Amino acid sequence: MAKTNLKGMTVEELQDFIVSLGEPPYRARQIFRWIYKGVTDFEKMTDLPRTLVEKLKELSYIDKIGIYKKFQSRKDATVKYLFLLSDNNIIESVKMEHSYGVSVCVSSQVGCAMGCAFCASTIDGLKRSLNSGEMVDQILVIQEDIKKRISHVVIMGSGEPLLNYDELIKFLNIINSPLAFNISYRRITVSTCGIVPEIRRLADEGLPITLSVSLHAPEDDLRDKLVPVNRRYPILELLDACKYYIIKTNRRITFEYALISDVNDSKECAVKLARLLKGLLCHVNLIPLNPVRERDFMRSKPENIRLFQEILRHYGISVTVRQEMGADIEAACGQLRRSIMNEVKR
Ligand code: SF4
């Protein structure tokens, strides 16, 4: 019989498993604690009776991803991690240090099917979705590596998290659990390119997490090209779902807007964006584009970024320009992973 992987189960799921072994439910909480302290060997779970340890060894295991390589920025404390999965796929995560704590940007899928025009993660398509254990491990292994508590999590690495919905919800449940990482939902951001039905579904969960929407264009014609999912869920439908999210969670939405020279950084685009978002409880995050080798797009000039920001401010939109971190270690989405996968293949 195939063994069951206990990493990535919620406490409730682990409890069902433990009860099915004829053990009292409270044992699940003990095991859950050990797993998210990083223990993978049942022999080291010193408060479990010998009979249970033997049963667990026979029927289950605790998976753990390994660090394949890491790259430390020379400019700041940003570290990019490449993790090797049990099926030899590679994913990337980024650790960043801020005045308010340590954040990790987590991947939710190997590659991505969404085809955003400026993103390296999607060039080879989607390989597979990650399970909740592989998502949690990105936090666990980095925390062990840096020996500091991770306080903030953004699910903004490779993949569209809302297309890996059930595993995403389990992941959020585990990292929020006081028995595991105890990371407040308010310090967790889920980023989507705009999967409308799943935004509504997430709103109905009633979790106070921040939703970050990759907008990148103020009108459908342009967004169709930059974020192809827009052909399925156009801007007005997307904004309707965002309004629903705000009503349900009372949380401000962040709109991501990567500024690409001569594509979406004109004054007209800024004015259209401001009119589109007027009155919405939101914040706009302008991102100086990290150019991707395989794509032609260029980053906007600093003066155009400033002007774009001023126009949004003038219309009363809350806006900041994303602080660049780790640009010297190919921090653009998916870029480093692709170069390493090519190296591995060679
Ligand atoms: S930006 Fe995000 S959703 Fe779009 S292709 Fe890249 S990883 Fe996928």
Per-region count, the stretch 85-95, residues modelled with pLDDT of 95 or more and away from the ligand (no atom under 16 Å from the Cβ): 2
Qualifying positions in the stretch 117-146 - away from the ligand (no atom under 16 Å from the Cβ), in contact with an Asp or Glu (Cβ under 7 Å, 6 or more places away or on another chain) and assigned to a helix (DSSP H, G or I): SER132, GLY133
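Matching residues to (1) under 22 Å from the mean Cα position of the chain (by Cα); (2) of a type in the set (A, V, I, L, M, F, W, C); (3) farther than 20 Å from ILE169 by Cα:
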| site | (1), (2), (3) |
| --- | --- |
| ARG27 | no, no, yes |
| PHE32 | no, yes, no |
| GLY38 | yes, no, yes |
| LEU59 | no, yes, yes |
| LYS70 | yes, no, yes |
| ASP87 | yes, no, yes |
In the stretch 1-59, the residues that are among the hydroxyl-bearing types (Ser, Thr, Tyr) and within 24 Å of ASN176 (Cα to Cα): THR4, THR10, TYR26, TYR36, THR40
All positions within the stretch 175-194 that are in contact with a Phe, Trp or Tyr (Cβ under 7 Å, 6 or more places away or on another chain) and of a type in the set (Val, Ile, Thr): ILE175
Tally, over the stretch 99-109, of residues that are outside any loop (DSSP other than H, G, I, E, B), under 12 Å from the mean Cα position of the chain (by Cα) and more than 9 Å from the ligand (Cβ to nearest atom): 3
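Is it the case that some residue within the stretch 42-51 is touching a residue at least 24 places away in the same chain (Cβ under 8 Å) and either loosely packed, with under 13 Cβ neighbours inside 10 Å or more than 20 Å from ILE150 (Cα to Cα) (or both)?
no
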GLY194 at pLDDT below 95, in the same structural domain as ASN173 (by TED's automatic domain parsing) and not aromatic (Phe, Trp, Tyr): no
Conditions (1) surrounded by fewer than 23 Cβ atoms within 10 Å (Cβ to Cβ); (2) in contact with a helix residue (DSSP H, G or I) (Cβ under 6 Å, 6 or more places away or on another chain); (3) acidic (Asp, Glu): number failed by ASP145: (2)
Flag if LEU259 is under 17 Å from MET298 (Cα atoms) and buried (at least 20 other Cβ atoms within 10 Å of the Cβ): yes
Qualifying residues in the stretch 120-134 (those that are in contact with a Lys or Arg (Cβ under 8 Å, 6 or more places away or on another chain) and at pLDDT below 95) - the one surrounded by the fewest Cβ atoms within 10 Å (Cβ to Cβ): ASP124
Which listed residue is assigned by TED's automatic domain parsing to the domain that holds THR122 and either within 23 Å of GLU205 (Cα to Cα) or in contact with a Cys (Cβ under 8 Å, 6 or more places away or on another chain) (or both), from ILE253, ILE260: ILE253
Single residue of SER73, SER99 found to be modelled with pLDDT under 95, assigned by TED's automatic domain parsing to the domain that holds VAL136 and either buried (at least 16 other Cβ atoms within 10 Å of the Cβ) or under 30 Å from VAL227 (Cα atoms) (or both): SER73
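For the condition without any contact (Cβ under 8 Å) to a residue 40 or more places away in the chain, away from the ligand (no atom under 12 Å from the Cβ) and farther than 22 Å from ILE91 by Cα, what is the one hit in TYR165, TYR185?
Result: TYR185 is the single residue among TYR165, TYR185 that is without any contact (Cβ under 8 Å) to a residue 40 or more places away in the chain, away from the ligand (no atom under 12 Å from the Cβ) and farther than 22 Å from ILE91 by Cα.
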Residues of the stretch 188-218 satisfying the condition of being charged (D, E, K, R) and more than 16 Å from the ligand (Cβ to nearest atom): ARG200, ARG201, ASP204, GLU205
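Give the residue, chosen from LEU168, LEU215, that is crowded, with 17+ Cβ neighbours inside 10 Å and out of contact with any Lys or Arg (no Cβ under 9 Å at 6 or more places or on another chain).
LEU168
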Residue in the stretch 288-304 that is assigned to a helix (DSSP H, G or I), assigned by TED's automatic domain parsing to the domain that holds ILE188 and buried (at least 19 other Cβ atoms within 10 Å of the Cβ) present: no
Given (1) out of contact with any Ser or Thr (no Cβ under 9 Å at 6 or more places or on another chain); (2) away from the ligand (no atom under 16 Å from the Cβ), number of the condition ASP224 does not satisfy: (2)
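The values are calculated or read from the model by the stated rules, or taken from the named source; none is laboratory data. Keep in mind that what you see is a predicted model, and the values were worked out from it rather than measured. Reconstructed Cβ throughout: ideal geometry from the backbone, glycine too, with neighbour counts over all protein chains shown.
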